[in-house]
Structure formats: structure tokens, C-alpha cells
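Accompanying notes for the structure given below.
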Amino acid sequence: MASRRMCSLLSRSLTSPTSAAALFSRGRNIASPSRGISKYSTDVAIENPVDPPVEVKHTQLLINGQFVDAASGKSFPTLDPRTGDVIAHVAEGDAEDINRAVAAARKAFDEGPWPKMTAYERQRILLRFADLIEKHNDELAALETWDNGKPYEQSAKLEVPMLTRLMRYYAGWADKIHGLTVPADGPYHVQTLHEPIGVAGQVIPWNFPLLMFGWKVGPALACGNTIVLKTAEQTPLSAIFAANLLHEAGLPPGVLNVISGFGPAAGAALASHMDVDKFAFTGSTKTGQFVHELASRSNLKPVTSELGGKSPFIVCEDADIDKAVELAHYALFFNQGQCCCAGSRTFVHERVYDEFVEKSKALALKRAVGDPFLEGIEQGPQVSNAQFEKILKYIKSGVESGATLEAGGERLGNKGYYIKPTVFSNVKDDMLIAKDEIFGPVQSIFKYKDLDEVIRRANATHYGLAAGVFTENLDTANTLTRALRAGSVWVNCFNIFDATIPMGGYKMSGHGREKGIYSLENYLQVKAVVTPLKNPAWL
């Protein structure tokens, strides 16, 4: 029941047409302006940022249960995307620090208590960790918002509670992982053992730092593995805070090691390390290709990856247009558009296209953009200046290629990395904004005539992470869900991230699945044990 409640908050569906601001307004109180937020606000919501209600406590590397400086002594700044100002200087790990962390994880796996601990005791530690996450909900949420730019209400009321639920889900799996007794043709006792794979290297992205921490760490620990995790250089603060809570819950030293640093140094060293038994990566497809190459050229370690996406959102001619507009808006603009599975190609049937475009434009113009610590804000800044500039270049490309700019298209204010919610109509399949993953608040709306056409066009991409279908016709829904080449297809809803639901992609959107029972396969080896039977009573 708890998962359904959180899921309903994070998603939109036919039965829940409430606006994001209304959903977020329930629960904890945070700073609110002296007037209501509507449309774009530069005087209160941007130019005078709120002081975050949190203190940065941890900026070092976590190796073998201890906070330590980088071996080089170097650090790097992590920036507030609301202003571009420095939040804190964080230890900059490199290959030497990866070696230290892997050695600690290897010793903790080969000699330490974690894989030898009873599954029940591992479960109890993970449950205590979940309780601590719940206790420190607001502090974790504030760090996430400060470092990333997403609305505090989203962090505090949706994402941190989802992390709590996720860890309880994997705690529940810890003592339910088992093999089988297998019948064989002959006098043999055959059993399969599901064993932890060993030392897992993990790299998490900057768009959902806490949730990706849980998606990676939860199944690996439940299965009895040890971990070296590298945070994204843009958002290192919340994961290291959470890792400290995990040790407070009783995790033995060396089981989880956290390295902050950059991809070419720390990330590449981890992916190519000969003593790492398995690698998990979430990020861009281009970097994912490099990660797979490094893993194969080292010790052929298996790699699971969740990579880029250019997900179609298909609005059929029978759709309730008002609900479809709202759902498509949410599918694209959620998390500042910085979501791998964002519905970034909105296909709308020609009979309802013009109405859909006008209402989408109106909704984008009403979107509350500003300081993410203010109540009622739906969209904060982009995560970094690099991402901000990349998005603006794509918007310029859309205009130059002939798409119609219906709304937005430029920065908001003079401080920070804010971009106005942008809507393009008359988008053609060969435009860059139609093909590339923009990873920002840019909605591209396409026109189509029939199902065969939209299926062909929706599948004409290297990506295959997710898709959305909006229709009231069951036959149409069944046709599309089976025809679309994507790892997740949401019907009359979007962004359902329940702990039990597997997430992953087809084609160049990645390999393997995260969350749910399928994620456990990533962190287990299957061993067949065969023993002769003498004079068996039965076979």
C-alpha cells in the first residue's frame, strides 16, 4: 500500500489529473514567498535565493568505513545551480583512490562478515538504514535540491520517501534469495546455488542521485556483495550523506565505499579495474559505450547499464485532450526535463493536433519556475552551466531547422541555470531536436495519421528506454504496447517508478534491468552442484 501511495504521487494518470503543484503542496512546510507563484518569477524566485535549511557535513571519500581525503589531496567545487556559487569543495578521487577502495571492498568480501553474515542480519541492517533515511528525510532532500536544483517538495515528498521504500523492499529480499533442487537423468543430487558476484563497481548519474544510489546499492547489498560507488561530479553530496547513514545502521567497514571524482579518472579506473567483478552504470549512451569497452578489455566483467532515451508519447485520436495535455506535459517537464525516460517525442493524431498544441503551450506558460526551495515551484534550474548551454543550443537548432517555437526558448532571469519551459510544434523526424536526447525542458510535438505510421516513427530511433500511450481504446493500447520497442510502456500514466517494477532499455538504451526481482540477477552467480547418489530411494 505504501508503494502505491508514493507511486500515485509521482505519476499522473486518468484518475489523478491534479497538477504537480497541488500534489507537492501536501505535507512538510518549506519557505514560501509573500505572494503566490505563477508563471515565471524572477524577482522572488530567482534573484533572491533562499538559504538552504541544511549543513554540508561530509565532503571526503568514504573508504573502508572511514572518511578520508583523496590521495592526491585535490578537491573540486560542487555548485549551486540556482546561482553558480560554490556549495562546498569535495575530495577529488582518482585511480589511486579507486585502488584503495577496491582493495577494501575485496577484503570485505573475501574475509569480512558481509557475505558470511546471515541473510536475516543483512536484512536488519538494511531496515535500520531505511529508518534512518526516514528520520533524516528533510536533510537529505535539502542536500539533493541544493546540489541538483530539483524542487525541494519533489525531493522531500517523493524521492526520499521512495528511497526509504526501496531499501525496505530490498531488505525484504535479503533472506529470500535461494537456489533450486534440480531433477537429473541419473542417480545424482543436483542443486543450484545463488551466490553473490563479489565486488561491484557502480557509477550513478546526477539527475536522480539518491534514487540511483538506492537502485544500485539496494540489490547489491541484499545479495551479499561489496561495493565501490562513484558519484556524479555535479551532485556528490546526498549519496555520501546516505552512505554515512548506512554505516550508522551497522554496515561493516569496506562493504560500501564511495568515491567522488570525475569520469575520465575515477570512473574509467573503476570500469577497467581487474579486481572488480561486476559493473553497473547509469548515464549517457556515449559514455556507456566507453564503459562497456573498458570492462571487456579488462577482465570481461559483466555490465548492466541504463543509458539514454528519446521516448515517444503517443496521443491517440480518442484521447481526452485536457488530460492528455497534462500527462504529456508532466512526462516531459518532470525534473526539469532531466529524465532518461522523458516523453520527449510527443506524437499527436492529426485530428486533435491543433487543439493539443494550443493547450500544451498554455500549460507551459503557466508552469511555475523559480528557486526550488520555494513552495509551489514546479521547475528549478538545470543542473549545471554545461547542461544549460547544451539545451539552449538545441533550442536554437529547433528554430533554425524550421520547427515552430510556441513557448519559452530562452533563459529565465540573469542568475543561475534557469530555462523557460519550451514547446515546439511542427517538428519533423530529421531535426536534431527530434533525434537527440536534449535532457531539458523542451517539448517537441509531432503530427501523425494512423497507428501503422506512428509505430514505425516511434521505433525509428537507436533508443528504447520507455514509451507512453494515451488512449481509451483497449485494442489500441494492446496494439501499441506490443509494437513499441521499449523497456517500459506506460498506458494513461507516466513515470511510474515503484520499487517492484523493472526499469531498463532496449537497443542503445542499455542492458539489464534495475528495481524489482530482475535486478537481483545482476548481482548473483548461479552455481550447479552435482553429487552422486548411492542406492537412492527415489530420483
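Things worth noting here:
- Hits in segment 454-512 - residues which are polar (S, T, N, Q) and either under 19 Å from Gln289 (Cβ atoms) or out of contact with any Cys (no Cβ under 8 Å at 6 or more places or on another chain) (or both): Asn459, Thr461, Asn478, Thr479, Thr481, Asn492, Thr500, Ser509
- Selected residue [under 25 Å from Gly267 (Cβ atoms), modelled with pLDDT of 95 or more and more than 20 Å from the chain's Cα centre (by Cα)] from Pro196, Pro209, Pro236: Pro196
- Only one of the numbered conditions (1) part of a helix (DSSP H, G or I); (2) open to solvent by 40 Å² or more (accessible area, probe 1.4 Å); (3) β-branched (Val, Ile, Thr) is not met by Thr164, and that is (2).
- Hits in segment 480-539 - residues which are under 22 Å from Arg345 (Cα atoms), among the β-branched types (Val, Ile, Thr) and either in the same structural domain as Tyr169 (by the TED database) or in contact (Cβ under 8 Å) with a residue 24 or more places away in the chain (or both): Ile496
- Among residues of segment 512-539, those that are over 30 Å from Ala486 (Cα atoms) and either of a type in the set (A, V, I, L, M, F, W, C) or not in a strand (DSSP E or B) (or both), counted: 10
- Listed conditions (1) under 20 Å from Glu92 (Cα atoms); (2) touching a helix residue (DSSP H, G or I) at 6+ places or on another chain (Cβ under 8 Å); (3) without any contact (Cβ under 8 Å) to a residue 40 or more places away in the chain are all met by Asn257, apart from (3).
- Applying the criterion of at least 1 residues that are touching a Gly at 6+ places or on another chain (Cβ under 7 Å) and more than 11 Å from Pro312 (Cβ to Cβ) to the strands (runs of 3 or more DSSP E) found wholly in segment 421-471 leaves 422-425, 442-448.
- Ala141 being free of Cβ contacts under 8 Å to residues at least 40 places away in the same chain, of a type outside the set (S, T, N, Q) and either in contact with a Ser or Thr (Cβ under 9 Å, 6 or more places away or on another chain) or not assigned by the TED database to the domain that holds Gly224 (or both): yes
- Matching strands (runs of 3 or more DSSP E) fully within segment 186-269 where at least 2 residues are of a type in the set (Ser, Thr, Tyr) and outside the structural domain of Ile438 (by the TED database): 188-196, 226-231
- Those residues of segment 418-475 which are farther than 14 Å from Thr346 by Cα, touching a strand residue (DSSP E or B) at 6+ places or on another chain (Cβ under 7 Å) and open to solvent by 30 Å² or more (accessible area, probe 1.4 Å), in sequence order: Lys420
- Failed item, numbered, when Ala171 is tested on (1) in a helix (DSSP H, G or I); (2) out of contact with any Leu (no Cβ under 6 Å at 6 or more places or on another chain); (3) open to solvent by less than 40 Å² (accessible area, probe 1.4 Å); (4) not hydroxyl-bearing (Ser, Thr, Tyr): (2)
The values are calculated or read from the model by the stated rules, or taken from the named source; none is laboratory data. The structure displayed is predicted, hence computed values, not measured ones. Quick reminder, even Gly has a Cβ in these numbers, built from the backbone with ideal geometry, and neighbours come from all protein chains shown. These accessible areas exclude ligands, DNA and RNA; they are computed on the full protein's heavy atoms, side chains included. Shrake-Rupley method; radii C 1.70, N 1.55, O 1.52, S 1.80 Å.
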